[in-house]
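Notes to accompany the following structure.
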Amino acid sequence: MASGLRERGKTKRRTAIIRAAHELFGERGYAATTIADIAERAEVAPRTVTGYFSSKEEIALVRFTEAADRLAHAFRDHKPDESALDVLTSWLLSKHDSDDPDGIRALTRRMYKTNPNLRALRAARMEEAVALGAEALAKELGISPGDITARIASAAAAAIAIDILDNTPDDELDDAVATVRVFLQAGLGALTASRRGGEST
């Protein structure tokens, strides 16, 4: 019981730190916010913040990094009958399935909107997922993993996914994901046709 209480306490403090940081980054800007500011807003000591996170960047990107890692894992271990688009759309939908009782999701969206530098760092965190997505697409299409068709399609899908997560209300997500799936299927079909046409000339 004591161990369970300690773990819940750690989770509560970690959530409070993330919430405080994302709130402040949205209000004041990432550069203008200090660890001390975050600690004060979260009602913990500065050393508690640094005990949970090594830097402001880690706090800012922690939720997205965890999500990107889950996507990479999903690509790495997807079932044989799952397409790369299946993996991506399932990930997009699951991102909104979990409860958000602390309202951090809205704070995170605001943080990214007001801090372009964080958006650039976030895109870099998708590199592994993009590479694995390209590998999965290449396997489906019977082409080399380094083929430009798979790389372009995977990079475009990642960019669209981030836009969906930033700008789509939860109650509109199903429709948005369905539209994205149709768009990506059409784009992939056009890229594949263009590639085959080039090979036949």
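The values are calculated or read from the model by the stated rules, or taken from the named source; none is laboratory data. Everything numeric in this text was worked out from a predicted model, so none of it was measured. As a convention, Cβ positions derive from the backbone with ideal geometry for all residues, glycine included, and neighbour counts pool all protein chains shown. Ligands, DNA and RNA are stripped out before the accessible areas are found, and what is left, the full protein with its side chains, is counted by its heavy atoms. Shrake-Rupley method; radii C 1.70, N 1.55, O 1.52, S 1.80 Å.
Say whether the condition of being under 23 Å from residue 188 (Cα atoms) and free of Cβ contacts under 8 Å to residues at least 40 places away in the same chain is met by at least one residue in the range 95-115. No: zero hits. Filtered by the rule that a residue be on the phi > 0 side of the Ramachandran plot and either touching a residue at least 40 places away in the same chain (Cβ under 8 Å) or among the polar types (S, T, N, Q) (or both), the range 1-58 gives a lone residue, 29.
In the range 165-185, the condition of being surrounded by fewer than 17 Cβ atoms within 10 Å (Cβ to Cβ), assigned to a loop (DSSP other than H, G, I, E, B), within 21 Å of the chain's Cα centre (by Cα) and on the phi < 0 side of the Ramachandran plot is met by at least one residue. Please go through the range 31-53 and give me each residue that is over 23 Å from residue 117 (Cβ atoms) and among the basic types (Lys, Arg), ordered by number. Of everything in the range 31-53, just one residue is over 23 Å from residue 117 (Cβ atoms) and among the basic types (Lys, Arg), namely 47. Residues in the range 110-126 that are modelled with pLDDT under 90 and charged (D, E, K, R): 125 only. The set of residues in the range 66-82 that are buried (at least 16 other Cβ atoms within 10 Å of the Cβ) and touching a residue at least 24 places away in the same chain (Cβ under 8 Å) comprises 67, 68, 71, 72, 75, 78. Scanning for something open to solvent by 30 Å² or more (accessible area, probe 1.4 Å), touching a helix residue (DSSP H, G or I) at 6+ places or on another chain (Cβ under 9 Å), assigned to a helix (DSSP H, G or I) and small (Gly, Ala, Ser), does the range 131-142 turn up at least one residue? Yes - at least one qualifying residue is present in the range 131-142.
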